[in-house]
Amino acid sequence: MLDFLTFELNTFQWTMVIISALLIGMSKTGISGAGMAVIPIMAAIFGGKLSTGIVLPLLSMADVFAVSYYHRHANWSYVLKLLPWTVIGVFVGIYVGDVIDDVMFKDIMGIIVMLSVIILVWRDVKKDIRIPGGVLFPAVMGLAGGFATMVGNAAGAIMALYLLSMRLPKKEYIGTGAWFFLIINLFKIPFHILVWETIYIDTFIFDLVLLPFIAIGAFMGIYIVKIFPERAYRVFLLLTTAISALVLIIR
């Protein structure tokens with residue numbers, strides 16, 4: 001287990017951890033997909049399974065910022081439609097993550113991130129997303145999202161695909177996603193504490209140290225989208241994330 005009082009990071013690792021906290025904050029306030037780059041970075045520093053427990057409270061903190069800005073714009077019908085299937089996916093992820101070693105855990109995380117990159121690129125290329133009717137599509141998205149969010153905190157691309165396919169207005173899209181991720185991330189925390197034992201007092205103190213950078217990242221996200229071309233930034237982000245995921249898989 002990580003002992004915060006004796007655990008030491010070198011300068012490069014601290015830099016990458018701080019950048020990860022900034023990216024998590026930015027991802028919740030306009031820089032779509034920025035948080036995905038955090039997954040392979042933190043896994044490389046802390047190990048696959050432990051990194052999910054360190055990142056989860058950071059995501060929950062950032063979710064609070066997002067909800068505070070967009071809480072009035074949630075479409076609760078979509079949240080409630082996804083939640084039961086997502087919960088099932090989370091339980092599948094809990095079981096799988098509990099029976100595999102850390103090498104396999106990193107492999108699965110890397111594969112999930114790579115698939116997420118592919119989904120995001122496909123979504124950007126194919127603007128007009130058509131979805132099947134009935135319960136099949138939300139069930140598949142919920143199950144896949146629940147598994148991905150438990151094993152790698154990497155359900156962002158899957159949920160973005162689902163919510164965009166609903167053709168929600170911008171603020172409603174952000175508000176719905178913000179509430180959904182806050183609920184599901186808080187739901188996951190007890191399992192990280194009691195089952196996986198990846199969240200405990202030392203990791204939580206470590207996360208609190210990074211809270212100011214989450215806040216800074218949240219405000220940076222608001223302004224960066226106004227200054228830099230979003231498409232160029234997304235291309236850079238997707239490329240670096242894909243490379244990081246490949247490093248996790250092939251090592």
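Tabulated results
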item: Matching option when the condition is modelled with pLDDT under 80 and aliphatic (A, V, I, L, M), among Leu248, Leu182, Leu194; result: Leu248
item: Within the range 78-131, considering residues that are hydroxyl-bearing (Ser, Thr, Tyr) and closer than 12 Å to Thr149 by Cα, the one farthest from the chain's Cα centre (by Cα); result: Thr86
item: Residue in the range 160-167 that is out of contact with any Ser or Thr (no Cβ under 8 Å at 6 or more places or on another chain), surrounded by 23 or more Cβ atoms within 10 Å (Cβ to Cβ), within 18 Å of Gly35 (Cβ to Cβ) and not polar (S, T, N, Q) present; result: yes
item: Hey, Ile39 surrounded by 22 or more Cβ atoms within 10 Å (Cβ to Cβ), of a type in the set (Val, Ile, Thr) and outside any helix (DSSP H, G or I) or not; result: no
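The rows are residues; the columns are (1) in a helix (DSSP H, G or I); (2) closer than 21 Å to Gly175 by Cβ; (3) among the charged types (D, E, K, R); (4) modelled with pLDDT of 90 or more.
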position: Ala62; (1), (2), (3), (4): yes, yes, no, yes
position: Ala66; (1), (2), (3), (4): yes, yes, no, no
position: Leu80; (1), (2), (3), (4): yes, yes, no, yes
position: Trp85; (1), (2), (3), (4): yes, yes, no, yes
position: Val96; (1), (2), (3), (4): yes, no, no, yes
position: Ile108; (1), (2), (3), (4): yes, no, no, yes
position: Trp122; (1), (2), (3), (4): yes, no, no, no
position: Asp128; (1), (2), (3), (4): no, no, yes, no
position: Gly133; (1), (2), (3), (4): no, no, no, no
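The values are calculated or read from the model by the stated rules, or taken from the named source; none is laboratory data. Nothing here was measured: the structure is a model prediction, and the numbers come from that model. Don't worry about glycine lacking a Cβ; one is built from the backbone with ideal geometry, like all the others, and counts go over all protein chains shown.
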